[in-house]
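Throughout, read-outs are computed from the coordinates displayed, never taken from laboratory work. Quick caveat, the model's predicted, so the values are computed rather than measured. Note: ideal-geometry Cβ built from the backbone for every residue, glycine included; neighbour counts use all protein chains shown.
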Amino acid sequence: MRGRPSVKRIIAADPKFGSITIAKFINLVMMQGKKSIAQGLVYKAFDLISNKTKADPLEIFDKALRNCSPFVEVKSKRIGGANYQIPIEVRGDRKMALAMRWIIAAARDKKGKPMSERLSEELLAASESQGGAFAKKQDVLRMAEANRAFAHFA
């Protein structure tokens, strides 16, 4: 790696809950720079969660992130003319980023409902260890387990 490492940007907390994690989630939901629309979607999804479960949406959000964050992932490495999928441990920041990305992708894959409803359903499913994002985590875990023999290349 040449030059100096890039400076890590500090994200301002979201206005309603005062959480940096939710602000990051809103930024990932945002498309084409329309932050107010993304905020509305996320806050409406949280309202739907609180109406459905009568529980705190922040706790369900945190539980969904914890359930969907991977411990290991596979990274491709070329050794001696062959590509190996090497399992590596995932850092804390990347864990959360992957979990958020998978939850949003799973919500976007569903069709026929408004995005806020799809997002609330996916967060509820992820908090109960179900849904598309949790399935993606299981796939990554299974792939890392299958390639455990190549861990010594890391």
Expected single match for closer than 21 Å to Phe25 by Cα and touching a Gly at 6+ places or on another chain (Cβ under 7 Å) among Ala125, Ala45, Ala107 is Ala125
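To keep it simple, each residue is scored yes or no on (1) farther than 22 Å from Phe134 by Cβ; (2) among the β-branched types (Val, Ile, Thr).
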residue	(1), (2)
Gln39	yes, no
Val42	no, yes
Phe46	no, no
Asn51	yes, no
Asn67	no, no
Ser76	yes, no
Ile79	yes, yes
Notebook entry, point to check: Quick check: anything in segment 51-62 under 16 Å from the mean Cα position of the chain (by Cα) and crowded, with 19+ Cβ neighbours inside 10 Å?
Noted result: yes
Of the conditions (1) closer than 18 Å to Pro114 by Cβ; (2) in contact with a helix residue (DSSP H, G or I) (Cβ under 6 Å, 6 or more places away or on another chain); (3) among the hydrophobic types (A, V, I, L, M, F, W, C); (4) assigned to a loop (DSSP other than H, G, I, E, B), the single one that Phe46 does not satisfy is (4)
Only one of Ala106, Ala144, Ala135 is crowded, with 21+ Cβ neighbours inside 10 Å, part of a helix (DSSP H, G or I) and out of contact with any strand residue (DSSP E or B) (no Cβ under 9 Å at 6 or more places or on another chain), namely Ala106
Matching residues in segment 48-69 (in contact (Cβ under 8 Å) with a residue 12 or more places away in the chain and over 21 Å from Ala97 (Cβ atoms)) number 4
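Any idea how many residues of segment 24-39 are in contact (Cβ under 8 Å) with a residue 12 or more places away in the chain and over 14 Å from the mean Cα position of the chain (by Cα)? Walk me through it before giving the result.
First pass over segment 24-39, keeping only residues in contact (Cβ under 8 Å) with a residue 12 or more places away in the chain: 24-29, 38-39.
From the residues that got through so far, the ones that are over 14 Å from the mean Cα position of the chain (by Cα) too are 38-39.
Looking only at that region, the number is 2.
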Those residues of segment 8-43 that are among the polar types (S, T, N, Q), in a helix (DSSP H, G or I) and either within 21 Å of Ala99 (Cβ to Cβ) or touching a helix residue (DSSP H, G or I) at 6+ places or on another chain (Cβ under 8 Å) (or both) come to a total of 3
The residue that is surrounded by the most Cβ atoms within 10 Å (Cβ to Cβ), considering only those in segment 64-97 that are part of a strand (DSSP E or B) and among the hydroxyl-bearing types (Ser, Thr, Tyr), is Tyr84
Note on segment 76-103: residues touching a residue at least 40 places away in the same chain (Cβ under 8 Å), touching a strand residue (DSSP E or B) at 6+ places or on another chain (Cβ under 8 Å) and not aliphatic (A, V, I, L, M) are Lys77, Tyr84, Gln85, Pro87
